[in-house]
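Peer 1: Take a look at the following structure, please.
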């Protein structure tokens, strides 16, 4: 059943953001079991999971846009949200493949993530 009331869809989108407090990037599919296989590591400045800073829910959706530090020689292929800030912690809640991006030198990677509740 689709949720007919906008206020309830916004409430559920907000709850998603509350639970999915941190973003993470990966060099391979981390899977769907909550593990953190293939999470980016290293660099200067060093890679870390980032707070999602989700915006307020509107029109059944929330958006966050974390910016990650990515080390030289890394190819980013997946993005995930997690309940823990600790890299490699098995706290993944959701994941999606992204367009593969290779980094020949240290750089940053911005993800604009939108969750939409239907």
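Peer 1: Tell me which residues, restricted to the range 1-17, are assigned to a loop (DSSP other than H, G, I, E, B) and surrounded by fewer than 13 Cβ atoms within 10 Å (Cβ to Cβ). I'd like the intermediate steps shown before the answer.
Peer 2: Within the range 1-17, the first condition is being assigned to a loop (DSSP other than H, G, I, E, B), and the residues that meet it are 1-5.
Result: 1, 2, 4, 5.
Peer 1: With the requirement that a residue be outside any loop (DSSP other than H, G, I, E, B) and either surrounded by 14 or more Cβ atoms within 10 Å (Cβ to Cβ) or touching a strand residue (DSSP E or B) at 6+ places or on another chain (Cβ under 9 Å) (or both), what does the range 18-35 give you? Please lay out each step first, then the result.
Peer 2: Step one: filter the range 18-35 for residues outside any loop (DSSP other than H, G, I, E, B), giving 18-19, 22-26.
Passing the criteria: 19, 22, 23, 24, 25, 26.
Peer 1: Considering only the range 36-46, how many residues are surrounded by fewer than 20 Cβ atoms within 10 Å (Cβ to Cβ) and touching a strand residue (DSSP E or B) at 6+ places or on another chain (Cβ under 6 Å)? Give the derivation first.
Peer 2: Narrowing the range 36-46 to residues surrounded by fewer than 20 Cβ atoms within 10 Å (Cβ to Cβ): 37-38, 41-46.
Checking the rest, the ones that are also touching a strand residue (DSSP E or B) at 6+ places or on another chain (Cβ under 6 Å) come to 38, 43, 45.
Adding up the residues that qualify gives 3.
Peer 1: Every residue in the range 94-118 that is modelled with pLDDT of 95 or more and under 28 Å from residue 2 (Cβ atoms), please.
Peer 2: 94, 95, 96, 97, 98, 111, 112, 113, 114, 115, 116, 117 - these are the residues of the range 94-118 that are modelled with pLDDT of 95 or more and under 28 Å from residue 2 (Cβ atoms).
Peer 1: Something else about it: Taking the range 78-97 as the region of interest, how many residues are surrounded by fewer than 17 Cβ atoms within 10 Å (Cβ to Cβ) and in contact (Cβ under 8 Å) with a residue 24 or more places away in the chain? If you could, list the steps in order and put the result at the bottom.
Peer 2: Taking the range 78-97 and keeping what is surrounded by fewer than 17 Cβ atoms within 10 Å (Cβ to Cβ), we get 83-88, 90, 93-94, 96-97.
Retained after the next criterion (residues that are in contact (Cβ under 8 Å) with a residue 24 or more places away in the chain): 83-88, 90, 93-94, 97.
Going through the range 78-97 one residue at a time, the tally reaches 10.
Peer 1: Residues of the range 58-68 being over 22 Å from residue 10 (Cβ atoms) and crowded, with 18+ Cβ neighbours inside 10 Å, which ones?
Peer 2: Scanning the range 58-68 gives a single hit, 68.
The values are calculated or read from the model by the stated rules, or taken from the named source; none is laboratory data. Remember, predicted model here, so these are calculated numbers, not experimental data. Heads up, the Cβs are rebuilt from the backbone with ideal geometry, glycines too, and the neighbour counts pull from every protein chain shown.
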